[in-house]
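Asks: Quick one: the structure is below, questions incoming.
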Amino acid sequence: MEKLVIEGGKPLSGTIRIQGAKNAALPILAASVLTGGSVTVENVPDLLDIRVMLDILTALGSKTELSGHQVRLDMSGLNSSHIPEELMKQMRSSIFLMGPLLARFGSVTVYQPGGCAIGERKINLHLTGLEALGARIEEKGSTIVCRADKLVGTDIVLDFPSVGATENIMMAAAAAEGRTTIHNAAREPEIQDLQHFLNAMGARIYGAGTNTITVDGVREFHPCRYRIIPDRIAAGTVIVAAAATRGNVTLENVNPQHLTSLVHVLRRAGVQIVSSGDIMNVQCHSRPKRVERIVTSPYPSFPTDMQSLLMVFLSLTDGLSIIKETVFEGRFKHVEELSRMGADIRVDLNAALIKGVPRLYGATVEATDLRAGAALVIAGLAAHGTTVVEQIHHIDRGYERIEEMLAKLGAKIVRKASGGGSI
Ligand code: EPZ
């Protein structure tokens, strides 16, 4: 196991290029199953989750190659739709393969992905959506077998705008007979990226980014080359790190339109943020003001993935801020760790009351999940003294060598083997 050792108190400064979006790349790699040919995807982040997705596609018979940030896939040899259980356990997002594998093979076997630190992560909306398209689903223990002689387009209303369910249904409906309309669809930019990718392969999908998506099924999908959008959460992580350390950072390869809710909150706190094209500059020179109340909810509202990161920033403002988490039921695991660094945060059901403190202090803390881990790194950058973040494999699932990215901005941060020695 590895850890990050951080000497805090140094404002970040400099310029950094933001990685491609993990949460766009994963469904897009899954969707490539629909074509029998080859697909090239650019700007793919080199992350643990991406490598697991490629391992699964290889196990199913495709040829995959990751070089730099380019993925080349040859789907002609795909010969199985039974996702290996041990790989499914490594990454719950493999559930995105259900829709496209069902569409291509008429059957798919997956395993309950199970919950994680942030919540139960149910998949009922995925399953009922596929059933509406004509699939028969059989659950035996943790095994889920899904069969469909034919997928037929229909109207589907999601009880909740689930990102994954919207994506799974889009991919299955893309090959169904006739029209599917998804109501109360998720509106995230990653959904729009998936629509653009599927249409580049010959699908006929309209409306991604709104809460109603229309899919006219097609029979054939052709090879294509596609470039993934920038990762708005990786960008948001750098933005908050710059603000929390009172730094001056320029980000390249961002889409400011995907960051409006975060930028709005930080500007209200007094952070200076300007953008032009795909460049954004973030400066914070004085102690920011508290932000009275933030509620996480589906895009375009404040993203749940930025909740833990914003909490670190608010811990270092003047006054009392409240964050309400409405998307995941267990997404406050970072509070206990932050409190060990001197933060003053009280959790009441799904609300966190954050009282600004003069400073945070370095401590040895543990990452419990991807974004909680990223928040602890930001806290270490802003804190006085040395912080050690353990269990950093969680962080590596979503950030390309986070220590290299931050060191480019002047952070004093190194990766070490847990228990001493350096990597
Ligand atoms: C995606 O997860 C992202 N992951 C998450 O990012 C992100 O936090 C989440 O969307 C919300 O924006 C990927 O895209 C790989 P949901 P997903 O389905 O699709 C409930 C990160 O940090 N729900 O929108 O799993 C569910 O329990 C990760 O990069 C059901 O009840 O999110 C949760 O409370 C973390 N039934 C809520 O909806 C279902 O069938 C949101 O889940 C599906 C979901």
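The values are calculated or read from the model by the stated rules, or taken from the named source; none is laboratory data. All values derive from a computational prediction rather than experimental measurement. Heads up, the Cβs are rebuilt from the backbone with ideal geometry, glycines too, and the neighbour counts pull from every protein chain shown.
Asks: Just one of the numbered conditions (1) crowded, with 23+ Cβ neighbours inside 10 Å; (2) in the same structural domain as residue 14 (by TED's automatic domain parsing); (3) not β-branched (Val, Ile, Thr) is not true of residue 248; which one?
Replies: (1)
Asks: Still on this structure, please answer the following. Could you count how many residues in segment 174-192 are surrounded by 23 or more Cβ atoms within 10 Å (Cβ to Cβ), within 16 Å of the ligand (Cβ to nearest atom) and not in a loop (DSSP other than H, G, I, E, B)?
Replies: Residues meeting the conditions: 3.
Asks: Sticking with this structure for a sec: Since residue 111 meets every condition but one in (1) within 14 Å of the ligand (Cβ to nearest atom); (2) under 22 Å from the mean Cα position of the chain (by Cα), which condition does it not meet?
Replies: The one condition residue 111 does not meet is (1).
Asks: For segment 295-319: of the residues being hydroxyl-bearing (Ser, Thr, Tyr) and either free of Cβ contacts under 8 Å to residues at least 40 places away in the same chain or over 19 Å from residue 285 (Cα atoms) (or both), which is nearest to the ligand (Cβ to nearest atom)?
Replies: 304
Asks: Could you please find all residues in segment 143-157 being more than 14 Å from residue 214 (Cα to Cα) and within 16 Å of the ligand (Cβ to nearest atom)?
Replies: Scanning segment 143-157 gives 144, 146.
Asks: Give me a count of the residues in segment 150-169 that are part of a strand (DSSP E or B) and either hydrophobic (A, V, I, L, M, F, W, C) or surrounded by 21 or more Cβ atoms within 10 Å (Cβ to Cβ) (or both).
Replies: 3
Asks: Moving to a separate point now. Starting from residues that are of a type in the set (A, V, I, L, M, F, W, C) and under 10 Å from the mean Cα position of the chain (by Cα), keep the ones in segment 22-38 and report whichever is nearest to the ligand (Cβ to nearest atom).
Replies: 26
Asks: Right, something else. Look through 96, 105 and report the one residue that is out of contact with any His (no Cβ under 6 Å at 6 or more places or on another chain), crowded, with 16+ Cβ neighbours inside 10 Å, of a type outside the set (Gly, Ala, Ser) and at pLDDT 95 or above.
Replies: The conditions single out 105.
Asks: Quick one: count up the residues across segment 1-32 that are assigned to a strand (DSSP E or B) and of a type in the set (D, E, K, R).
Replies: 4
Asks: Tell me whether segment 320-330 contains one or more residues that are closer than 27 Å to residue 260 by Cα and either over 24 Å from the mean Cα position of the chain (by Cα) or not assigned by TED's automatic domain parsing to the domain that holds residue 235 (or both).
Replies: Within segment 320-330, one or more residues are closer than 27 Å to residue 260 by Cα and either over 24 Å from the mean Cα position of the chain (by Cα) or not assigned by TED's automatic domain parsing to the domain that holds residue 235 (or both).
Asks: Follow-up question, since we're still on this one. Cβ-Cβ distance below 7 Å, separation of 6 or more or different chains: which pairs start in segment 105-125 with a residue that is closer than 19 Å to residue 393 by Cα and end on one that is within 6 Å of the ligand (Cβ to nearest atom)?
Replies: Once the first residue is closer than 19 Å to residue 393 by Cα and sits in segment 105-125, its partners that are within 6 Å of the ligand (Cβ to nearest atom) give 113/121; 113/123; 115/121; 118/328; 119/328.
Asks: Can we say residue 121 is basic (Lys, Arg), under 20 Å from residue 24 (Cα atoms) and in contact with a helix residue (DSSP H, G or I) (Cβ under 9 Å, 6 or more places away or on another chain)?
Replies: Criteria met by residue 121.
Asks: Moving on to the next point. Taking into account only those residues within segment 356-370 that are under 16 Å from residue 382 (Cβ atoms) and free of Cβ contacts under 8 Å to residues at least 40 places away in the same chain, which is nearest to the ligand (Cβ to nearest atom)?
Replies: Per the stated criteria, the residue is 365.
Asks: Now for a different question. So which of 419, 373 ends up being outside any strand (DSSP E or B) and within 27 Å of residue 285 (Cα to Cα)?
Replies: 373
Asks: A follow-up question, please. Look through segment 33-58, keep the residues that are assigned to a helix (DSSP H, G or I) and in contact (Cβ under 8 Å) with a residue 60 or more places away in the chain, and return whichever of them is farthest from residue 69 (Cα to Cα).
Replies: 34
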